Amino acid sequence: MVGNASDKGTTKTRSRSRKGPGATVVTPVATNAPRPAATVRTYRHGLGDCHLLTLTSATGRKFRMLIDCGVILGTTNAQAKMSAVMRDVIQESGGTVDVLVATHRHWDHVSGFVQAADDFARLKVGQVWLGWTENPRDPDAAPLRKQQADALAMLQPAAARMHLAASAEPTLLATVLEFFGAAGAATTDGAMDALRAKGGATLRYCDPKDEPFELSDFGARIYVLGPPRDEAFLKKMLPAKTDRDETYHLAAEAFAASVAAAAAALGGSDEDQPFGGPYRIPDVVARSMPFFQARYWVDEGAGEAWRSIDLAWMDSATQLALMLDNLVNNTSLVLAVDLGAAGVLLFAADAQVGNWESWRTHEWTVGGTRVVVDDLLKRTVLYKVGHHGSYNATLRKGGLESMSGLRVALIPVDHNMAVKKRWGDIPLNTLVAALEQTTGAAGYVLRSDALPSAQASARGARSTDLYFEVTVD
């Protein structure tokens, strides 16, 4: 159980956004609506996200929202696992969810919609929510999607060539492209098409400028926090060099340097480069220098073909792939489910630094009261940890440090798979420690690759081989 019981209701209100006209008109919250009970079921099927949120009204009515349903490419028996997850969703929901959310187009978030296609066909859906970045008619989304598609088209041949030149070990480029389903028969495009077909006329493209979505009978409302509209926020994946304490990082500088060239190619500034202009050696100059001639442009017969500049260009491909991966993460649809006196449930998907920082620009007026994201963060009692616990997906200042009421942190992760995929220390130990400190003695941290701790079980966390589940009331 999370939070303190209360019979307080919400007032009849109509909210508006600072963003101006064009926001969706919503149904006002009913006067004295009871505070809902909320249950979050997070599936333990591997490295991927799938969460079933259930709200229960005082009269016993249910509202259900399914947020994502996917697992990383290369998971053993992935189709069987995703089918088991989808069947459990159908059983628990009675075959109907009111809202189906796909936060962003990464395989580990949407694969289940094609891997478990037969079971997914049996699930009835009231509405399908996607981020505004998926709207084909949005003037800002179209060039963004084209940029991503062009980058992916360039990277796939590079990955194939690298595979032929490398050992049997998977390359980082290949594992990054797996987030798009590029190495399998199905792709994220196919999953997104399945979602659009499911949504039909009820398809909603969510925007932070939207009015909060009101659930009158449940005394709840849902705020859209991301993805940001500002391109500068979308392309900010890493903390500023002047403030590495923005996130819970370890040796972040090395990673920042590895993607800096790609950042510049996608619109980054000279400041993002690991070396200043005077210290860079152009290729044409390097070719004339004995040091590089001896070490980089060698005969393949010398047994050091791996040093050849013909393969060195692949490093740039990997950098571009990492940048593309992070850019798509930053298009994550982020939702804050406000349960009134019971607190807020924050589902951050894979949002990275820029997405988090953009939340500060949002403001709503509800019942004459100004609502900003800091208010929502201070009342957050449950946090679905961003991007499986990686270092640049949970902001420190203006993020976790603002969650003074946090009681439950959910980390959907499989550390062994992350290591196999060459993603390293996921979940990040320093982040897990910070989450444990923030939730304190009254709360707990759950990770899907481990059983709940004794403290978590004592405080009501439930677990099976397929999922763990918590209740907020």
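Table: residues versus (1) surrounded by 22 or more Cβ atoms within 10 Å (Cβ to Cβ); (2) at pLDDT below 95.
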| position | (1), (2) |
| --- | --- |
| Thr31 | no, yes |
| Pro36 | yes, yes |
| Cys50 | yes, no |
| Thr54 | no, no |
| Thr59 | no, yes |
| Leu66 | yes, no |
| Gly74 | no, yes |
| Ala80 | no, no |
**Report entry** Residue ID - surrounded by the fewest Cβ atoms within 10 Å (Cβ to Cβ), chosen from residues in segment 375-395 that are over 22 Å from Thr103 (Cα atoms) and in contact (Cβ under 8 Å) with a residue 24 or more places away in the chain
**Finding:** Lys378
Query raised in the report: Inside segment 87-121, can you point out the residues that are part of a helix (DSSP H, G or I) and farther than 22 Å from Asn77 by Cα?
Result: Glu92, Ser93
Query raised in the report: Among (1) modelled with pLDDT under 95; (2) in contact with a Phe, Trp or Tyr (Cβ under 9 Å, 6 or more places away or on another chain), which single condition is Ala342 missing?
Result: (2)
Query raised in the report: Of the residues Leu428, Leu446, Leu435, which single one is at pLDDT 95 or above, farther than 21 Å from Ile222 by Cα and touching a Phe, Trp or Tyr at 6+ places or on another chain (Cβ under 6 Å)?
Result: Leu446
**Report entry** Residue check for Pro139: more than 17 Å from Ala84 (Cβ to Cβ) and in a helix (DSSP H, G or I)
**Finding:** no
Requested in this report: Residues being in a strand (DSSP E or B) and touching a residue at least 60 places away in the same chain (Cβ under 8 Å): count how many of those fall in segment 439-462.
Outcome: 1
Report task. Report, by residue number, each residue of segment 345-403 that is aliphatic (A, V, I, L, M) and over 23 Å from Gly48 (Cα atoms). Result -> Val366, Val371, Val372, Val373, Leu376, Leu377, Met403
Query - Number of positions in segment 451-460 that are of a type in the set (A, V, I, L, M, F, W, C) and under 15 Å from Glu436 (Cα atoms) - result: 2
Requested in this report: Identify the single condition in (1) within 20 Å of Leu73 (Cβ to Cβ); (2) charged (D, E, K, R); (3) modelled with pLDDT under 90 that Lys146 does not satisfy, given that it satisfies every other one.
Outcome: (1)
Requested in this report: Could you look through segment 82-110, keep only residues that are touching a Gly at 6+ places or on another chain (Cβ under 6 Å) and modelled with pLDDT under 95, and pick out the one that is surrounded by the fewest Cβ atoms within 10 Å (Cβ to Cβ)?
Outcome: Asp108
Query raised in the report: Under 6 Å by Cβ, and 6 or more places apart or on different chains, what pairs join a residue from segment 225-244 that is under 28 Å from Tyr205 (Cα atoms) and outside any loop (DSSP other than H, G, I, E, B) with one that is aromatic (Phe, Trp, Tyr) and modelled with pLDDT of 90 or more?
Result: Leu225/Trp359
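The values are calculated or read from the model by the stated rules, or taken from the named source; none is laboratory data. Not measured: the values here are computed from a predicted model. Note that we place each Cβ from the backbone using ideal geometry, even for glycine, and neighbour counts take in every protein chain shown.
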